[in-house]
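The values are calculated or read from the model by the stated rules, or taken from the named source; none is laboratory data. Quick caveat: nothing in here was measured; it's all calculated off a predicted structure. A quick note on method: Cβ atoms are made from the backbone with ideal geometry, for glycine too, and the neighbour counts reach across all protein chains shown.
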Amino acid sequence: MGRQSDEEDASKNKRKKLLFILAGVAALAIVAVAVAVPVAITQTKKSSSGSSSSAPSTSGPDDTGSGETGGPTTTGPTSSAVTGGDGTTITTEKGTTFTYVNKFGGTWSEDPNDPYNNNAQAQSWSPPLSKEFDWQNDPMRGVNLGGWLVPEPFIVPALFEPYVNGTPSAHDEWTLSEAMAADTANGGLDQLEKHYDTFITEEDFAQIAGAGLNWIRLPIPFWAVEKYPDEPFLEKVAWKYILKAFKWARKYGLRINLDLHTIPGSQNSYNHSGKGGQVNFLHGPMGLANAQRTLDYLRVITEFISQPEYAPVVPMFGIINEPVVTSIGKDQLTAFYLQAHDIIRNVTGTGTGKGPFISVHDSFQGLASWADLLPGHDRMALDVHPYLIFVNVDRSPLSEQIEKPCNSWASSMNTSWSQFGVSAAGEFSLAINDCGLWINGVNSGTRWEGTFGSGDGEKGDCTEWNDYASWTQDRKDDFKAFALRNFDALGHWFFWTWKIGASSVTGKIETPMWSYSLGLKEGWIPEDPTQATGVCGNTRPATALTAEMIGGAGAGEISASVRAANPWPPTQINPGSLNGDNVPVYTATGAIPTLAVPTPTSASVDGWFNDADTRPIYTPIAGCSEYLPLASVNE
């Protein structure tokens with residue numbers, strides 16, 4: 001399944017030989033820990049990078065992506081390979097500078113003549129991108145870049161605040177896009193690109209490595225690939241910044257868990273799924289058609305990130321964020337996971353080193369409920385989001401909740417690691433209550449104050465939790481202890497989120513328990529996350545990962561009986577008696593939307609890894625009147 005032909009293998013080997021030659025040239029550079037050392041290189045070659053650093057290059061692309069996948073452009077001027085460590089000066093592509101601060105032995109690396117070199121290392125204890133990640137022994141310590149390419153009201157309230165009281169009222173990206181598009185006086189939808197360009201920058205990536213973190217979870221929207229005409233989103237522009245994320249991660253030695261955060265039709269009805277209100281993915285009349293679209297977008301993204309130039313930077317792909325299994329159905333979701341697995345492995349092939357790990361969310365059912373998911377799969381990982389605040393409110397003081405992570409999560413994480421394989425917390429925070437501006441949605445209130453939903457009585461005043469400037473040193477120390485226990489109990493984790501933007505109304509960050517960078521600055525997040533090791537006791541898995549779990553013998557051998565039990569399309573689609581025979585579907589006759597590549601680029605990078613993968617994508621059937629526009633779905 002998904003094996004490359006001999007001719008394709010030969011082509012890939014030629015690419016690898018070229019990369020090895022270039023890596024040899026790059027190895028001549030002396031890594032300076034305190035001072036960046038430029039190394040003159042006069043080789044002329046096809047180039048595909050171009051952000052500047054402490055020795056800016058006058059040639060090479062800006063990694064912003066083109067509108068089409070055109071042929072490579074040759075660049076020939078002499079430029080400099082640069083690398084450095086703590087204390088070196090970085091000059092960004094915009095000409096601004098900052099000092100790289102990394103007290104953990106991390107080094108950055110950028111070579112305009114070898115833009116795909118993987119020599120950077122986030123910390124001395126994290127393997128450089130040139131080496132395979134050791135899933136058994138190398139912890140994933142990461143943060144989410146939430147709110148960047150998928151804006152959320154509580155993360156970037158200033159984007160939403162101008163439109164909250166208008167028509168439509170902005171409460172998700174669908175309504176935000178509609179409101180912005182109508183606001184031509186202030187830039188229309190281009191306001192979103194201004195946000196992309198400023199909310200997260202190269203300096204954030206450098207700071208993440210300097211904070212002792214080695215991974216990033218990058219939430220992205222499906223409209224980075226394409227959108228349908230009746231969808232109001234800013235089409236394809238996010239991809240430009242995804243390319244920047246890949247480039248900056250490579251430069252600072254960070255690995256990316258790429259997360260498809262929004263899904264056509266909405267997989268969970270939440271405001272961060274694209275459109276809040278109802279689940280219309282594998283649910284309802286348009287559920288199957290939306291799933292067909294999703295599978296195509298997974299395929300297109302996989303083709304890009306599986307190219308050898310990008311595979312070391314993106315070793316994990318989260319294929320659907322937080323699907324609500326209570327609406328979709330576990331059988332239906334499992335069938336989708338199998339179909340997605342097969343489509344992805346048809347692109348990459350099976351076995352270690354062939355494409356990314358496929359990460360799937362536990363749908364808030366607990367890791368144990370998925371322990372037997374698709375036995376024989378090839379490199380799937382389980383994702384859990386252990387939040388404390390969205391069900392019951394604990395009145396206990398913070399000082400009495402510090403041990404909760406150790407007591408609640410360490411055992412289940414270890415068990416999942418031993419029984420299923422790679423398991424990680426893709427999201428968590430330090431919140432012990434739901435205080436904070438718009439945590440539950442725009443103007444939705446909080447459980448803590450008894451103003452959310454029907455409420456069950458006031459628990460307290462959120463002011464003390466939102467006003468971090470008033471926090472005592474004891475409270476900060478308690479939060480730091482709580483953070484360390486989260487880190488140790490979870491083992492492999494991605495904090496939600498790196499940055500929270502200030503409210504345009506108050507000028508303040510109103511949800512401090514959710515910001516890693518703010519916690520670092522103010523002293524309630526540990527400066528060294530490795531200090532967490534052992535604070536919960538022995539939290540390492542009792543058994544090691546088996547070879548099959550990480551792509552060895554047995555991986556990719558899903559039995560015929562498992563396949564028969566999970567047919568595609570599903571025999572039933574909720575609610576009621578819907579199935580693949582009585583709901584609208586799309587037809588596989590559409591043009592493949594190949595993702596843009598950096599310009600100019602090398603001949604080996606064209607956005608499509610497997611040239612044998614030529615099936616057209618699903619598209620609406622001409623003249624079919626059964627399709628329901630998502631805008632018509634009531635909220």
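Taking the numbered list (1) touching a Pro at 6+ places or on another chain (Cβ under 6 Å); (2) in a helix (DSSP H, G or I) in turn, V442 passes all entries but (2). The residue of region 368-395 that is surrounded by the most Cβ atoms within 10 Å (Cβ to Cβ), among those that are more than 20 Å from the chain's Cα centre (by Cα) and not in a loop (DSSP other than H, G, I, E, B), is W370. Within region 569-624, the residues that satisfy the criterion of being under 30 Å from D111 (Cα atoms), aliphatic (A, V, I, L, M) and in contact with a helix residue (DSSP H, G or I) (Cβ under 7 Å, 6 or more places away or on another chain) are L595, A596.
If you filter region 503-525 down to residues that are touching a Lys or Arg at 6+ places or on another chain (Cβ under 6 Å) and not hydroxyl-bearing (S, T, Y), you find that the one that is farthest from P386 (Cα to Cα) is G523. Taking D362 as meeting all but one of (1) more than 20 Å from H492 (Cβ to Cβ); (2) of a type in the set (D, E); (3) within 20 Å of the chain's Cα centre (by Cα), write down the number of the exception. Among (1) more than 20 Å from H492 (Cβ to Cβ); (2) of a type in the set (D, E); (3) within 20 Å of the chain's Cα centre (by Cα), the lone unmet condition for D362 is (1). Of the residues examined, I256 is not one that is among the β-branched types (V, I, T), in a loop (DSSP other than H, G, I, E, B) and within 18 Å of the chain's Cα centre (by Cα).
Look at (1) part of a loop (DSSP other than H, G, I, E, B); (2) under 30 Å from G353 (Cα atoms); (3) modelled with pLDDT of 95 or more and you find that E527 fails only one, number (2).
Considering F233, F205, which residue is crowded, with 22+ Cβ neighbours inside 10 Å, modelled with pLDDT of 95 or more and in a loop (DSSP other than H, G, I, E, B)?
Details: F205 fails: in a loop (DSSP other than H, G, I, E, B).
Only one candidate passes the filter, namely F233.
Among the criteria (1) within 30 Å of Y252 (Cα to Cα); (2) buried (at least 23 other Cβ atoms within 10 Å of the Cβ); (3) among the charged types (D, E, K, R), the one E173 does not fulfil is (1).
Filtering T99, T78 for residues that are modelled with pLDDT of 95 or more and more than 30 Å from E235 (Cα to Cα) leaves a single hit, T99.
Residue count for region 342-367, restricted to those that are in contact with a strand residue (DSSP E or B) (Cβ under 9 Å, 6 or more places away or on another chain) and in a helix (DSSP H, G or I): 3.
Of the listed requirements (1) farther than 17 Å from K275 by Cα; (2) surrounded by fewer than 24 Cβ atoms within 10 Å (Cβ to Cβ); (3) not hydrophobic (A, V, I, L, M, F, W, C), Y163 misses just one: (1).
Inspect all residues belonging to region 543-556 and state whether any of them is in a loop (DSSP other than H, G, I, E, B) and under 24 Å from Q292 (Cα atoms).
yes
Report yes if V583 is more than 30 Å from F281 (Cα to Cα), touching a residue at least 12 places away in the same chain (Cβ under 8 Å) and surrounded by 16 or more Cβ atoms within 10 Å (Cβ to Cβ), otherwise no. Answer is no for this residue. Only a single criterion out of (1) touching a Gly at 6+ places or on another chain (Cβ under 8 Å); (2) under 20 Å from A553 (Cα atoms) is not satisfied by C406, namely (2). Among the residues examined, W568 does not qualify as under 26 Å from the mean Cα position of the chain (by Cα) and modelled with pLDDT of 95 or more. For L260, are the conditions met, namely being closer than 23 Å to L159 by Cα, in contact (Cβ under 8 Å) with a residue 12 or more places away in the chain and aliphatic (A, V, I, L, M)? Considered against the rule, which asks whether it is closer than 23 Å to L159 by Cα, in contact (Cβ under 8 Å) with a residue 12 or more places away in the chain and aliphatic (A, V, I, L, M), L260 comes out as yes.
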